[in-house]
Each structure stands twice: as structure tokens, then as C-alpha cells.
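Peer 1: Can you read through this structure? Questions will come right after.
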């Protein structure tokens, strides 16, 4: 490949290097090796608060420079994109600063810890957009090929009118009462518990897949284990869990569909079971992330004698993102959703169009999260979600 | 086999001969052929309103006599048991009359169409019980071996403290808008729609399996297709559907568990998918009636390296009811739950103890059904369910 | 139903009352209660060697008379059908005597313990057929609705040209080396081991489903546990297992397909896993008896974007035998295959046509079984199976 | 991370850049980013026959230099490892030259196109090994975590004595008769068809998982579609397929186990279904690559009341390779097996021990492949496989 055909470079700065930082780094390293991207990521700077750990992470994950001040990453001329992988309480400040500095922003979900922050971020994104600056919230599951295919089937009308949405996000990593009080169990840092962490994913997905908006909810939250050991406490001291262990809610969509949602981290044996099922007048879909390369599809127009849920192995070259990967039947994994996200983000930046999901999409999710908590605090009474701006 | 070892006879009269009548008849014909029952059913009389159809059904299903007046069946000296398989609006009158006449009563579910009727029936059952007359409500799914095993595992403590109940009863038989306005879509006859017909099953099961009582609910109901062709109308005349197509509710149990319930007849592709999942501190269980001979069990105390949901094929001789049937791996079907029900009922009558589920259990289900409708009519606000008597 | 419309009676005599006897009895009691049969079975006589046990079984299973001499059952004027449920070494003598006495014969599988016996039985059936006497070998799995549907899909051309047959019958009931030396482990009584007992089923099914004949095989057999405790031996005495624990063979069909077959009773954890998969030029089918109400079907002509194995729940009224049973999604069990068998047998007798599978079909299976043993004894060399008469 | 702790570099040269080349490149780019490797791969040179395509591929896949002569890659001082991703007919020449030049060799499977070549390669590997030069054959499926866990369970004795191996590798990519005559359908290039391409995988896996050696086979091969369009022929000219479409064989292992193997590319609907099942005296295992993150395990010592095949989601940190990746329930994909392979290979090189599978392991697979073809050509007669050197 001669240099003339080499895509232009784009400089990336990433804030945060834990679980999400590792997943995003894999994506930044890989997207242009697999897809035909218009911009080749240059992994300039990784930022974390602990200098030694950040340097080690930068070397390991493939970033050229380690920084400990996120503002210095934003200030760098060789950085064009800020990728925010920090806890939710820092998203607004970093994202708004980056956008105001003219940097494209990819921000982890949930967009923020409150509707107010999300509104401010969305307004900043709108202002930046006028100057050609792009922003995107990282609901990566939209880029799982089976779910991208699901969206396509719905958009193509294969489900007809959707009546039912049934979404569950089940994990079990805090089942042990001795699991410590990490930041995700602290309302100050995380905003909420299972609701915002994993419930946000199924809210976004349900709206994405159906192409419709949640207009009201009735919620219920519960914290089963109210005290846990403090992180690193040698004396076994305990602190109070300030977020939900589980959140359930019912929803109505502007399309007329009704939905049942559940997010919990105490579903023993379910490791990362994000299940979503849609029932329409013409077809039904079912998905479980524990079998992430499969989509179940029932076509109600099939002859009843041979109708049945089809286990579509979403590894065909005609399936979303798959033509760039391996032959049929050769599975992709969790991390590929991030590679696809980066690919789509780069394509949008280069193409001068806005990527999805937008900060406005993230704000809508935030509004649903807030309404669930409002309803749960008010005897589950129905709580409307206002029209977006 | 000499007559001395032959079990004593017990005379059965059945009211109704449609779907449930056929299923119960198969049970009355079969129980003593497979199980060692203390009383051998004598299928005396079948009762239906249409004389010709009832006579045909009696001949077909194995009943000696056809009757068109249910009171005449109750009056027969050779009838000891009244089996009620009619629509819900007739349950109370028949059951109370039978109990007052000293006949044991097996009554289809839901027990009644209202809490008031169910209370009257339960009071009648209590009075009759003093005279050694037994009554039972026919929540047959308790007798599916996989669910009986599930109850045993919970009772044995294998799940520890149960936190989550996740129950869905999904069917699709009224998906077609041209499906007619049958009695099950008429509030007068059926009491409610999916809620009472199939939701009642998962309410009873959830309480049975967990061994705890639902204390409050938040509900939502929906009728997607509000008008349907009248039955037998040549002119294509339509009438109004007066029951729910779908009902969703959240519940709290007196044990501290929380639950999510859904009943619908518009889940295209789901034929009879009664799914229930329980997550406890020590174990989890999952069941789907579409694979009725299987129970999924996760033992959280297993070594994580080899832990996983076990697909228990519930066909071992040590499993409930199975020692009377076929070798391991040879499946039972839907109808067997009725045969087991009859076996347990006959055993209770002969043994002089009360069978389960009792009319009081049926009344508790009725209270939950009523509370769901109350909540749904009041913006889903949390609705408490009073203590049983 | 008036007596004039009542079907004519047909007298049944059954030889043997163990596992198969119980299953057949359930069928004889049930077929006319569910299906519209032209002949109503009269369960006249049950025959067994032990008088007391036979009398008890007759009373329990619903037979009017207990006999200890099978010839006396054949001799009865009120017996029209002989149902043979005894071990394989007695089939030929009983069946031939019954046919010569003008009785219709339903004979358990495998038809006999040797090709010679099977030839004699088939010749007797041919002679009897000229006089309107019917015979049938009880490969009941042909009547599992999912497999009857599979046959229909193949016959309708939905699979195109079939290339692959993949059949396994896996059980584990003799996994324990202390399991005793029952008659099924004795070559004198059983003819062979897993090969004849369960291998016979998949041979018949493979030929039935594909509509083609096996023309040659290469076989391998193995007995892993060569000595077992004698039945009822208090002193722990052991005897030699004289049959195979497992039999594997490859086959070619006259259609050009190739097949892989395996039968074993030592596949720990597999209780009754009779699996068969067909791959054709236009479609594929897969079945596992452990999920007996399901058929997997892949239509290669589907759009690749939504193609996938369909899990057909074979409980629709349009599926074979189902219109007589329960609503969609309400499963049937193992025993229903026998009820369907009896229904088809009675229909054939009344209709004056030959039921399937015929004794000739049973003989063809016997020839395959013999060829597998011949090949296994000769270094697995390819062994042809001659043309049928 | 300071440069002092940075692992030493190791130069890699890769021959071939098609499907396998892309997969290996992803592994070379990723291993040191995820695992703690003792040597950091420097992706020096990519070699292909077509200069332009090779240059494009090198740029895309991350190689510094493009070469068109493989000997020039071997000759480079900055190349320490030769990774062979070419068709089988070139393996021996390249591998032997590389080993003789003192380069470590990773060679795609099957090791060669004939036993003779494989012997020569193994001898070269043995000679090189004396000089500390390592060689490895790329049976990547050994590094799928679920299969590595399976091996561990067997090695830990959890299966007891293994009796049955049941292995199938089912694909369908040449189902269409118009699919062209690519090199994999040409005996000169590919050695054999499904047998060597995918059958080799299940042979290696069966021996790896059981820890025992195949001592004899009885085989059958078939070519269903004997003529196909020539690649790039505008006139629709057809050529003869010179390899098998499908290969079936039975095997005996030196442990006493028996096995059934099938490899085909005409199993419509099966995209990459590599299934393997083991039945032992204490446990059973089942795996299907179409659900590559799962392992089914049946522990026969479990209480029968709760025994069942466990669906182990092989994503726990205690599972092989998983501690380096994502949280439980977050799946890996096909390509990860190559990353694990590279990690193990680099670790072996740095640690001075021989990696597995060795060229000798590859030779043993080659012997089995040859014996299958010998048997298939001789009426399936049993064909022994000699002791390894």
C-alpha cells in the first residue's frame, strides 16, 4: 500500500484506562486493520490520575503518551478525539470542555449521572455540531451484529407493529455479600446502581430496536444487600450501599408498544445475560448476549407447519459488519462491538455527518432512568417522560 | 387381581366437556391405570348444556351417562366428586351447591371471576371440610414433574433466600385480528383476559414455588385489538373485546423477594411459553413449559470453573410422579399434569387430608388478580393485598 | 352418541406386560378416546408366564382376562389382534402362529433375533395378507409427530437430494458396572445389545425418513463391561455379557446418501437421546428425542440474512396426529407414539390396507443389523445388503 | 511502563496473507496488548506472491515490509519466527528451510499434504530443537478456552475412563454446485478435502482432549459434486473435483475408547459446527464451535435428582486464558484462539521449552488422515496406524 492511499491520521486521547479503557483501546488498535476506514487512529495519549499506573497502561495498551490531567489531553494539538471512559460523575465536565475545544467526543454510557448534566452535555454537543464537531455516546451493544441485524429487520417492517418489548439485563457479580463497596455501588460516583449501569443499555436498545421513544414508566427498585465491606478496609469495616441492586419497570412507547424491563446484579448464574425480545404483528425477535452471535427470529407469515423461531447465526458476510471479518460460523466476541463503534465513529467524522447514538439519545435514556427512580420513590405511580426538546 | 385387593370405587361427575373436559377425562381414565390409587374413579356422568353434543362427548370420553342439568349430577347418589370444567362465571354456584351436597369438588382455575365469589366458595369449602368433604382448585402446573421438583429444591433450601421471580406466560392464539370474539374475550364469562386465564397460573406457581405470598402489586394492562368478529356472525359483525390482551405487573412477596410478571396472548411465535425463573442466594431455577420435561438449575455453591445451569431432564424415577411412568429420557406431556392432579386428589380424599391447592389458595390468586386490575386502573400505583383470613 | 354410530369392536390380546406392555396398554385404552377410530379396541386378554403377576397386571392395565399360555389367547374367538410385547426370541413363533390363525399382528421391534426368523415371519405375513390379515412391526418412533412431520417434509421435496444421515441413539442405563445381567444383555434372549435394541430404531427411522434403503455397511461393536452381576444372585456371582454395549456403523443408501450411525447404552448423561440429522441439497432436519416435540429445519432457499435452523414446535393442529390433541404448545409425551400406532393400525385393518412399517420393513432392518455384526467381525470390511425379495 | 520493563522484541515474518494470514496478524498485533508476554512481536515482513496485493495487505494488517520471496524473509536477520499460512503443498519446503536457518516456526495445519512430508518436517524440527529452535503446528482450536477447559477436566480425571468420542466438523460453504473449483478442492494443493482441512482439527482435538492416540481406523469418503466451474473461467468451463466432499471414519484409541468422526462441507445450515462429545465412566463433555464460549459437562457423580448437562459459560477468570480478557459473560470470538496460540508460542520460546502441538503431533494427525484414505480405498477395512517413532 503506497502512502498516497493511506488514510489520513486522526489523533485520539483517551481518559480512563480500566475495563472500558482496555476495551476501547482494543478497538482503536483494530478498526483500521479490519475495516476500510477513512481516518487512521493515532493513539496519542492516555490519561489517568495515577501516573505510574497510567504509564504502565499506556505502554501495555498501545498509547504513545501518558497524562495525568485530562485538560492537558484536550489541549494537545495532535489530539482530535476525546474518548471518555471514566465514571459517570466526570463525564459532563470533560465532555463539555472537549467539545468547546473543538474535539470530537466519544463518551461512555450512561451519558451522565443526572438529567441536568445530560442536558448541558447535549446543548454543548449541539453547539459544537454547528462547527462540525461530532459527539457520540457509547452504547456499544447497538454494534453487536445480531442487534444491528435486529434493528434492520424491524426497520424493514419484518415485525409489523410491535406490541411487546421484554428486556432483562441480568448479572450476578455482587451476589456475594462480601463483595466490596466499589465505586459502582456509590451513588455519588455512579449515579445509580444496576439501573444506570446496565438498565441504561436495555433502555437504549429498546428505543433503538423499535425506533420509538419511551413516554412513561412505572418503576420499582430494591437494594437487597444494604451494607458491604469498604474497599481495602483491613478491619472489615462496612459502608452503606447507596444504589439499587435491582430495578424493574414497565414502559409505554410512543408507537403503542408496552415493555417490561429488569436490571439486576443479583441473578445468580446469569453472568451477562442481556436479553431482549420483541413481539410484533408480523414477526418476533429474541436475543441473549450470552449467545451474542445468534438472533432468534419468528416470521408469523411462514406456513404454520414449518414456522418456528430461527436461530440465525449472525456471521454471514451479508450481516452487519461481518464482511470485514471471518467466514460464516466463526464467532465474534464482546470487544468487536467497540471496534464497530470506532469504525462508525471515524466514518461519521470523515463523512461530515452525525454518528448515532447522539448525546440527545443519551439524554433521552437519562430521562427514562430519572423517571424510573421518581416512580419507584412514589409507590410506582406512572411517571411521564416529557417530549425531547 | 382379586376383587379384595381392588381399590374401592368413587363416582365422578364432570361439568363441562370442552378442552378442559377432555383433559380431565384423560386423567380420570388413566390415574388408576398408572398409579396405585386408593380409590378407583367411576366415570359416572358428564354434564353439558347441549344434549346431543354432551351425549357424543360422554361416549367418546368414556362417561356412562350424559346430563344437561348440573344439579342432577350433584343429586346422584353414585356421584361422589364434582369436577368443574366450565367457564369461570359458573364456578361459584356449582361448587357451593356441590360442597353443600357433600360432594368433593375439583374446580378449574381461576377459582372464580371475582374476589367475592372466591370468598363465598372458600367459606363453603371450609364448612364442608368440617364434614370431611375435600376441595381443590385445578392449578395443574403444580403437578408438572419439573415444577414439582422445583418446589422441592426450594423447600430443601437449595436456592437460599429468593430475591427474584421472573414469570411470563406467552401465547399467540389471538394474534390474528380476525380471530373471533370467543367467551374467553368476554369479561362477563371470563372475568378477565390473559390476566385471569394464564396470569393466574404464574401467580399460583410463583407463590407455590417460593412458598411465600404476594403482598402488593403494580399493574398495567392493555388491549391491542379492541374489536373482533362475533362468533358465527355471517355478516362479519364485530363486537368489543372487554378483557385485556396482555397484563404486566410487579410484585413483592412476604419473603422479601420481588417479581416481574407478564401474561399475553399476542406474543407471536410463543405457543404456550410459561416461563418462570427464580434467583436465590444459593441457587437459581428456570423453566419453560415449551420444554416441559426440563428444569434448569444453577447451584451457586458449585466450583465456578464447572458451574453452569444444569439441564435436568426430569424423567428419573426419583423425580416427582416419575416412578409410575417410563424409563429415564421418555418424556411426559401436558395431559400428565392432570393425571397427577387426579392421583393426588384421590389420595387426599382416601387419606382424609386436604389436597392442595386449596380454595383458599385460589382465593389468594383471585386477590392478586383483582389488585392488578385495581392498580392498572389507577396509574399503576402500588396496591396492597390484604392478609388472608 | 347413539349406539348406531358407535364403532364396531375389535378384540385385542396382548402377550407380555412389562415396559412395552404398559405402553401398549395405555395406547389401547386411549386411541378411540382421542381419535375417530373405525374399530373400538376391546382389551380382552393379557398373557404372561407368571399367573399372579399377569392377573395383577391385567387388572391394573385394564385387560379383562389374564392368560398364561399365549396359544390360548390366539385361540380365543373374541380376540382379533395379537400384540406381541415379549423379548425377541419369542416373536417368530408367536407371530407366525397368530397369522396362521387369521389374527392381525402388531409385533414389537426388532422383528426377530435373526434374519432367518424375520424371513419366516415376513413370509407368514405375506401369506396372511392374501386373506386380509394385517401385520405391523412396532417401530413406534415413526409416529412421533415431529418425525412424521420430518418424513412429510422429505417426501414433499423440501430437503432436495439427501446427502448425509447422522443418527445416534444414546442411553446410559448400564453405565454402572454393578447393573445386573438382565435379559437385554443376553444374546440368547435379545439377539444383540444396543445394536438391536436401539440401533434398530435409528435404522428404521433413517430408511423411513429418507425413503431409501441401506445397501451396505461397515461396522464396529464393543463391549466395555464384559462381566456383570447375575440377576438376583445374593452371592455377587457374575456372568458374561454376550451382547454389544455399543455399535457404530457407516452406511450407504440406494439414493446415494451416506450415513453415520451409533447406538450405545454407555453415553453417561444421555438418557434417551435418539438424534437424527439429515442434510439435503435444499434443506436440513435435526431431531433429538430428548426434545421430542421439536423439529429443527433449515431451508437453504431462505434469504441467507434470515436463514437459520427453525425450532418448529410440533404441536400445531396441522401437524401429524395433533388435531386430535391439545392446543399449540401443549406437549405430547413418549406414550403418544403408541397411541398413534394403534390408531393407524386400527385404521388400516378397518380400511383393508396394509399398515406400515410392514414385516418386510422389519426384515430389512434385520438384514442391516446382521450386516453390521458381520462387518464388525471381519475388520469392519464393507458388507453389502442384498436386494429385498 | 519504563523501557527497562518492556519485553524484548522478537521479529516475525509471515508467509501468506489470506484468511489465515489475517487471523494470525490479528493475533500478532494483540497478544502482547492483553497478555503479559516475555517477548514483544515485531511484525517485520509479510510475504506473498503478488507484490501489489502483498504490499496492500502488509499495510492493512500491520506488517512493516512486503516480500514476494519467502526465502528472503527467512534470510532476514531481524526475523526470528516464520509463521506459515500458505496452502499445504508448500509447508514442508518453507518449514524445513526456516528451521535449518534457525528460525522458530509456527505452521498452519494440516502439517503437510503427506506423511512423507510430515516426517521430514518432524525430523527437521527435532534437529532444530537441539539448537533451541521451537516449532509448533497451528491447531488453534486447542486454545479455545472451552476446549482448553475440557482438556483440563479430562486431565483432572473428571471423566474417568473415556469410552466414546463423537466428533463432527460440519460446514456448508460448497453446497452450491456452482461454487468454483478453488485450491481447497484440488488434491495437488490441498492434499485432501474436508478430511485434511477440517477433519484434521477434530483428529487433533480428539487426541488432545483424551490424551490418547488413535491406533486404527475404518474410513469412507465421498465426493457428491464431482465437477465445478473453474475459478475465473468466463466460459463456464468445469473441472474435476479431486478431493473428498465428506469423510467419515471410526477409530480406536490406545486408551480403549472408540470414536466416530465426520467431516463435511455439504451439511447445509451448519456453518462451522465443530462438535465433539466425550463419554466417560465419571463424566461427559460436549462442545459445539457454533457456541464457542460454552462447554457442556455432565458429572455422573451428581445426585441423579439434580444431575444434568451443565452449560458452563467459559468466561470466568479462572478459566484458561480468561483472566487477561473481559468480565464473566463477555464472550470471546474465533480470532482469540490465535491470540492465545501466539501467547503460548512466545512464552515457550522465551521459556526455552517446546510448545504444543509439536510437529510430531502434526505428523500423528497426518498418519491418521492417510490411514483414513487407505481404508476408504480398501472397502473400509480396518487400517492400523503404526507407533510413532
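Peer 1: Go through the stretch A:143-166 and give me each residue that's surrounded by 24 or more Cβ atoms within 10 Å (Cβ to Cβ) and either under 14 Å from the mean Cα position of the chain (by Cα) or farther than 21 Å from residue B:270 by Cβ (or both).
Peer 2: Correct list: A:144, A:147.
Peer 1: Okay, next question. Quick check on the stretch B:373-386: of everything there that is touching a strand residue (DSSP E or B) at 6+ places or on another chain (Cβ under 7 Å) and surrounded by fewer than 18 Cβ atoms within 10 Å (Cβ to Cβ), which residue is nearest to the other protein chains (Cβ to nearest Cβ)?
Peer 2: Restricting to residues being touching a strand residue (DSSP E or B) at 6+ places or on another chain (Cβ under 7 Å) and surrounded by fewer than 18 Cβ atoms within 10 Å (Cβ to Cβ), the top hit is B:384.
Peer 1: Here is a further query. For residues in the stretch C:324-351 being touching a strand residue (DSSP E or B) at 6+ places or on another chain (Cβ under 8 Å) and within 11 Å of chain B (Cβ to nearest Cβ), which is nearest to residue C:289 (Cα to Cα)?
Peer 2: Looking at the filtered set, the residue picked out is C:329.
Peer 1: Look through the stretch A:71-87, keep the residues that are more than 24 Å from residue A:40 (Cβ to Cβ) and crowded, with 17+ Cβ neighbours inside 10 Å, and return whichever of them is modelled with the lowest pLDDT.
Peer 2: Here is the first cut: in the stretch A:71-87, the ones more than 24 Å from residue A:40 (Cβ to Cβ) are A:71, A:86-87.
Keeping just the survivors that are crowded, with 17+ Cβ neighbours inside 10 Å gives A:86-87.
On the way: A:86: 95, A:87: 91.
So the residue we want is A:87.
Peer 1: Within the stretch D:102-116, count every residue that is closer than 21 Å to residue D:140 by Cβ and more than 16 Å from the chain's Cα centre (by Cα). Spell out how you get there, then give the answer.
Peer 2: Filtering the stretch D:102-116 for residues closer than 21 Å to residue D:140 by Cβ gives D:103-113.
Subsequent filtering for residues that are more than 16 Å from the chain's Cα centre (by Cα) retains D:103-104.
So the answer is 2.
Peer 1: Identify, please: which residue in the stretch D:183-195 is in contact with a strand residue (DSSP E or B) (Cβ under 9 Å, 6 or more places away or on another chain) and touching a residue at least 60 places away in the same chain (Cβ under 8 Å) and is, among those, farthest from the other protein chains (Cβ to nearest Cβ)?
Peer 2: Of all residues in the stretch D:183-195, those in contact with a strand residue (DSSP E or B) (Cβ under 9 Å, 6 or more places away or on another chain) come to D:185-186, D:192-195.
Now narrow it down to the ones that are touching a residue at least 60 places away in the same chain (Cβ under 8 Å): D:192-195.
Details: D:192: 17, D:193: 14, D:194: 11, D:195: 14 Å.
Ranking the qualifying residues of the stretch D:183-195, first place goes to D:192.
Peer 1: Now for a separate question. Only one of (1) assigned to a helix (DSSP H, G or I); (2) touching a strand residue (DSSP E or B) at 6+ places or on another chain (Cβ under 7 Å); (3) surrounded by fewer than 23 Cβ atoms within 10 Å (Cβ to Cβ) fails for residue B:90. Which number is that?
Peer 2: Just one mismatch for residue B:90, condition (2).
Peer 1: Do you know which of the residues in the stretch B:345-356 that are surrounded by fewer than 22 Cβ atoms within 10 Å (Cβ to Cβ) and touching a helix residue (DSSP H, G or I) at 6+ places or on another chain (Cβ under 7 Å) is farthest from residue B:220 (Cα to Cα)?
Peer 2: B:354
Peer 1: Go through (1) in contact with a helix residue (DSSP H, G or I) (Cβ under 8 Å, 6 or more places away or on another chain); (2) under 30 Å from residue B:284 (Cα atoms); (3) buried (at least 20 other Cβ atoms within 10 Å of the Cβ) one by one and return the number of the condition residue B:174 breaks.
Peer 2: (2)
Peer 1: Within the stretch A:38-58, can you find the residues that are within 11 Å of chain D (Cβ to nearest Cβ), out of contact with any strand residue (DSSP E or B) (no Cβ under 7 Å at 6 or more places or on another chain) and buried (at least 20 other Cβ atoms within 10 Å of the Cβ)?
Peer 2: Correct list: empty.
Peer 1: Now a separate question. Can you work out which of the residues in the stretch A:306-318 that are in contact with a strand residue (DSSP E or B) (Cβ under 9 Å, 6 or more places away or on another chain) and assigned to a loop (DSSP other than H, G, I, E, B) is nearest to the other protein chains (Cβ to nearest Cβ)? Give the steps one after another, and end with the answer.
Peer 2: Keep residues of the stretch A:306-318 that are in contact with a strand residue (DSSP E or B) (Cβ under 9 Å, 6 or more places away or on another chain), which gives A:306-314.
From what's left, assigned to a loop (DSSP other than H, G, I, E, B): A:306-308, A:314.
On the way: A:306: 6, A:307: 7, A:308: 4, A:314: 9 Å.
Across the stretch A:306-318, the extreme among qualifying residues is A:308.
Peer 1: Here's another thing I want to ask about it. Within the stretch D:100-117, how many residues are part of a strand (DSSP E or B) and within 23 Å of residue D:193 (Cα to Cα)?
Peer 2: Taking the stretch D:100-117 first, the residues part of a strand (DSSP E or B) are D:104-107.
Adding the requirement that they be within 23 Å of residue D:193 (Cα to Cα) leaves D:106-107.
Number satisfying all stated conditions: 2.
Peer 1: Right, here's the next one. Tally up the residues in the stretch C:343-360 that are over 15 Å from the mean Cα position of the chain (by Cα) and in a loop (DSSP other than H, G, I, E, B), please. Spell out the reasoning first.
Peer 2: Let us first name the residues in the stretch C:343-360 that are over 15 Å from the mean Cα position of the chain (by Cα), namely C:343, C:346-354.
Filter once more, so that each one left must be in a loop (DSSP other than H, G, I, E, B): C:352-354.
Result for the stretch C:343-360: 3.
Table: residues versus (1) surrounded by fewer than 24 Cβ atoms within 10 Å (Cβ to Cβ); (2) at pLDDT below 95; (3) in the same structural domain as residue B:264 (by TED's automatic domain parsing); (4) more than 18 Å from the chain's Cα centre (by Cα).
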{"site": "B:275", "(1), (2), (3), (4)": "yes, no, yes, no"}
{"site": "B:280", "(1), (2), (3), (4)": "no, no, yes, yes"}
{"site": "B:305", "(1), (2), (3), (4)": "yes, no, yes, yes"}
{"site": "B:362", "(1), (2), (3), (4)": "no, no, yes, no"}
{"site": "B:371", "(1), (2), (3), (4)": "no, no, yes, yes"}
{"site": "B:388", "(1), (2), (3), (4)": "yes, yes, no, yes"}
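Peer 1: Now for a separate question. Tell me the residue from C:66, C:124, C:97, C:120 that is within 12 Å of chain B (Cβ to nearest Cβ), surrounded by fewer than 24 Cβ atoms within 10 Å (Cβ to Cβ) and not in a loop (DSSP other than H, G, I, E, B), please. Break it down stepwise before answering.
Peer 2: Working: C:124 fails: within 12 Å of chain B (Cβ to nearest Cβ); C:97 fails: within 12 Å of chain B (Cβ to nearest Cβ); C:120 fails: within 12 Å of chain B (Cβ to nearest Cβ).
C:66 is the lone residue from the list that is within 12 Å of chain B (Cβ to nearest Cβ), surrounded by fewer than 24 Cβ atoms within 10 Å (Cβ to Cβ) and not in a loop (DSSP other than H, G, I, E, B).
Peer 1: Going by what's in this entry, would residue A:208 be described as out of contact with any strand residue (DSSP E or B) (no Cβ under 9 Å at 6 or more places or on another chain) and touching a residue at least 40 places away in the same chain (Cβ under 8 Å)? Give the steps one after another, and end with the answer.
Peer 2: Working: out of contact with any strand residue (DSSP E or B) (no Cβ under 9 Å at 6 or more places or on another chain): yes; touching a residue at least 40 places away in the same chain (Cβ under 8 Å): yes.
Considered against the rule, which asks whether it is out of contact with any strand residue (DSSP E or B) (no Cβ under 9 Å at 6 or more places or on another chain) and touching a residue at least 40 places away in the same chain (Cβ under 8 Å), residue A:208 comes out as yes.
Peer 1: As an exercise: evaluate residue D:321 against (1) buried (at least 23 other Cβ atoms within 10 Å of the Cβ); (2) closer than 23 Å to residue D:210 by Cβ; (3) touching a residue at least 40 places away in the same chain (Cβ under 8 Å); (4) within 14 Å of chain A (Cβ to nearest Cβ) and give the number of the one condition it does not meet.
Peer 2: (1)
Peer 1: Give the stretch D:211-227 a look and list any residue that's more than 14 Å from chain C (Cβ to nearest Cβ) and in contact with a strand residue (DSSP E or B) (Cβ under 6 Å, 6 or more places away or on another chain), or say none. Spell out how you get there, then give the answer.
Peer 2: Filtering the stretch D:211-227 for residues more than 14 Å from chain C (Cβ to nearest Cβ) gives D:211-213, D:227.
Answer for the stretch D:211-227, where residues must be more than 14 Å from chain C (Cβ to nearest Cβ) and in contact with a strand residue (DSSP E or B) (Cβ under 6 Å, 6 or more places away or on another chain): D:212, D:227.
Peer 1: Additional query: What tally of residues in the stretch C:14-31 results from selecting those that are touching a strand residue (DSSP E or B) at 6+ places or on another chain (Cβ under 6 Å) and without any contact (Cβ under 8 Å) to a residue 60 or more places away in the chain?
Peer 2: Total satisfying the criteria: 0.
Peer 1: Only one of C:87, C:7 is within 21 Å of the chain's Cα centre (by Cα) and either within 14 Å of another protein chain (Cβ to nearest Cβ) or farther than 22 Å from residue C:348 by Cα (or both); which? Explain how you work it out, then say what you get.
Peer 2: Numbers: C:7 fails: within 21 Å of the chain's Cα centre (by Cα).
Among C:87, C:7, only C:87 is within 21 Å of the chain's Cα centre (by Cα) and either within 14 Å of another protein chain (Cβ to nearest Cβ) or farther than 22 Å from residue C:348 by Cα (or both).
Peer 1: Just give me the residues in the stretch A:45-66 being more than 23 Å from residue D:7 (Cβ to Cβ) and touching a residue at least 24 places away in the same chain (Cβ under 8 Å), in sequence order.
Peer 2: First pass over the stretch A:45-66, keeping only residues more than 23 Å from residue D:7 (Cβ to Cβ): A:47, A:49.
Selection gives A:47 alone.
Peer 1: For residues that are more than 14 Å from residue A:371 (Cα to Cα) and out of contact with any helix residue (DSSP H, G or I) (no Cβ under 6 Å at 6 or more places or on another chain), tally how many sit in the stretch A:206-243. Write out each step before concluding.
Peer 2: Quick first cut of the stretch A:206-243, residues more than 14 Å from residue A:371 (Cα to Cα) only: A:206-212, A:222-243.
Narrowing further to those that are out of contact with any helix residue (DSSP H, G or I) (no Cβ under 6 Å at 6 or more places or on another chain): A:206-207, A:210-212, A:222-240.
The total comes to 24.
Peer 1: Now for a separate question. Could you please give the count of residues in the stretch B:279-305 that are touching a residue at least 60 places away in the same chain (Cβ under 8 Å), outside any loop (DSSP other than H, G, I, E, B) and closer than 14 Å to residue B:148 by Cα?
Peer 2: Of the residues in the stretch B:279-305, 6 are touching a residue at least 60 places away in the same chain (Cβ under 8 Å), outside any loop (DSSP other than H, G, I, E, B) and closer than 14 Å to residue B:148 by Cα.
The values are calculated or read from the model by the stated rules, or taken from the named source; none is laboratory data. None of the values given here were measured: they were computed from a predicted structure. Heads up, the Cβs are rebuilt from the backbone with ideal geometry, glycines too, and the neighbour counts pull from every protein chain shown.
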